[in-house]
1. Among VAL21, VAL84, rank each residue by its count of other Cβ atoms within 10 Å, from fewest to most, as a rough exposure measure.
2. Angle check, please: helix 45-60 long axis (alpha carbons) against the longest principal axis of the chain (alpha carbons), in degrees 0 to 90, nearest 10.
3. Fewest Cβ neighbours within 10 Å first, please rank ILE154, ILE28 accordingly.
4. Less than 17 Å apart at the alpha-carbon level, and either on another chain or at least 8 residues along: which aspartates and glutamates does that give for LYS121?
5. May I ask you to sort TRP17, TRP168 by Cβ crowding, counting other Cβ atoms within 10 Å and putting the fewest first?
6. Pairing the Cα long axis of helix 72-178 with the longest principal axis of the chain, what angle in degrees results, from 0 to 90 and rounded to the nearest 10?
7. Counting only trypsin sites (Lys or Arg not before Pro) that sit in a DSSP loop (anything but H, G, I, E, B) with at most 12 other Cβ atoms within 10 Å, what is the longest stretch of the chain containing none of them?
8. Quick query: amide H of ASP39 versus all other amide H atoms, modeled in the peptide plane; which residues come in under 5 Å with a sequence gap of 5 or more or a different chain?
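Read the figures in this text as sums done on the coordinates, not as results from a lab. The structure displayed is predicted, hence computed values, not measured ones. All Cβ positions, even for glycine, are placed from backbone atoms using ideal geometry, and neighbour counts span all protein chains on display.
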Amino acid sequence: MMAILIPSRQLFIDGNWREPVRKTRIPIINPATEQIIGDIPAATAEDVDIAVEAARRALARNGGREWASASGAHRAKYLRAIAVKTIGQAYEDMQTQNQHLLQQVAERDDYNIKLVSESVKTKQGQSFLLSEKQALAKQLQQVNTSLGSLRLRIVHNEEQIVDECDAWKQSISENSQWDPV
């Protein structure tokens, strides 16, 4: 069975997707097969510090007044934009994964069709060979019957030849006794 691979993820820091500082990743293991199907970034304290610093910079713009004085609707707009970006990435990943799965299913279907086709050909070949075997067995039986009949004829003909040779010898023997020389 082919493994379903999960696309690599990154950390979302300062409005961008990025690799963790130490580039360490944690494997994602399929519990059913115990195969590694992907990985996620292993954020460290350094990554958290970078994210906190980016958040402070964002908050500190205009003395932090921009975010602090922003209405709930305005903050919601930013948070929705982040969510849309995150959901958009997840949707793209899901589409990629679905395309990969569909490709695997199509390949499996092609393989199964090939197996069924080969199986049908093999069955047809077996049926043909069985019918040929039966036909040859019948022909062999007919040949054996004919051979037996020919053997009987040969034995009968040999007996006739022996009888005729004996009769001919007898005739010669009788003719030689009466022949005055």
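1. VAL84, VAL21
2. Helix 45-60 sits at roughly 50 degrees to that axis.
3. Least to most surrounded, the residues fall as ILE154, ILE28.
4. In chain and number order, the partners are ASP110, GLU132.
5. TRP168, TRP17
6. Taking the Cα atoms of the chain, the angle to 72-178 is about 10 degrees.
7. Numbers: sites that count: ARG22, LYS23.
Counting at most 12 other Cβ atoms within 10 Å as exposed, the longest clean stretch of the chain is 24-181.
8. ARG9, ILE28
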